[in-house]
């Protein structure tokens, strides 16, 4: 197991994801790392044919993924869509030497028994570089992947074993990505949710509460 590179010891952990890349990692080593980590979701592990990435998300990364998750869940609630969240569900397939843990993932529609992959996997791209996540999700057969990066929401749908950029979600075709982008730009999560509710239900947004 050989380290490819690792982050500088001097960095702002609140704003920069901490990453370590390893090469020539066997599947058994990958499984051992998953077991050693246990249920501690603070470190996310991606595996791609012997390459392994360990990532500890920054506070900013976590805030963005939480905001996006809350918006999606609020949209589903308002539109009466069955949406089941699975957080950073560990997806893996030994035969293909692939493993991934999204920031968030969801099943859309009635809950299916023993699902193998989610309908939607969401990734916040906060620090550049690393394992090719789309290649991993493609091999695992995840039907749809959303990337949030630099204020933009990109949707990719799987078709004939290839991800195609799409203007709309296949799983949630009535959802306007531009609306999510606008709400993501609000200064707080609460105001983002309020803006989404106003856009979908109409009315005047409530005045912000000082929290005191």
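Values in this text are rule-based calculations from the coordinates and carry no lab data. On a predicted model such as this, the values are computed, not experimentally measured, just so you know. All Cβ positions, even for glycine, are placed from backbone atoms using ideal geometry, and neighbour counts span all protein chains on display.
Using a Gaussian network model on the chain with a 10 Å cutoff between Cα atoms, which of 118, 143, 110 fluctuates the most?
Ranking 118, 143, 110 by mean-square fluctuation puts 110 first.
Taking neighbour counts of Cβ atoms within 10 Å as a proxy for exposure, in what order, fewest first, do 48, 147 appear?
147, 48
Order of 105, 183 from fewest to most other C-beta atoms within 10 Å?
Numbers: 105 27, 183 24.
By the 10 Å Cβ count, ascending: 183, 105.
Distance from a point 7 Å along Cα→Cβ of residue 73 to each backbone N in the stretch 147-161: keep the residues under 20 Å and list them by number.
What the label zone holds, given the 20 Å backbone N cut-off, is 147-148.
Out of all DSSP beta bridges in the chain, what portion is antiparallel? Express it as a percent rounded to 5.
That works out to approximately 90 percent antiparallel.
What is the extension gain from residue 201 to residue 178, computed as 0.36 nm multiplied by their sequence separation minus the C-alpha to C-alpha distance, in nm to one decimal?
Numbers: separation 23, 0.36 × 23 = 8.28 nm, distance 1.67 nm.
Length difference between fully extended and current span is 6.6 nm.
Relative to the first principal axis of the alpha-carbon coordinates of the chain, what is the inclination of helix 27-37, with its axis defined by its Cα atoms, in degrees from 0 to 90 and to the nearest 10?
The helix 27-37 is inclined about 50 degrees to the chain.
Give the order of 96, 116, 133 when sorted by the count of other beta carbons within 10 angstrom, beginning with the fewest.
The fewest-first ordering by Cβ neighbours comes to 116, 96, 133.
Given the Cα-Cα distance of residue 93 and residue 63 and 0.36 nm per residue of separation, how much length would full extension add, in nm?
7.9 nm
If I histogram all Cα-Cα distances within the chain using bins 5 Å wide from 0, what percent of pairs lands in each bin?
1, 6, 14, 18, 19, 16, 12, 7, 4, 2, 1, 0
Where does helix 59-78 land angle-wise versus the long Cα axis of the chain, in degrees 0 to 90, nearest 10?
50
In nm, what is the difference between 0.36 nm times the number of residues separating residue 154 and residue 15 and their Cα-Cα distance? Before the final figure, lay out the partial values.
Working: separation 139, 0.36 × 139 = 50.04 nm, distance 2.20 nm.
That pair, residue 154 and residue 15, stretches by 47.8 nm at full extension.
Taking Cα pairs under 8 Å and at least six residues apart, what relative contact order does the chain come out at, in percent?
Computed value for the chain: 15 percent relative contact order.
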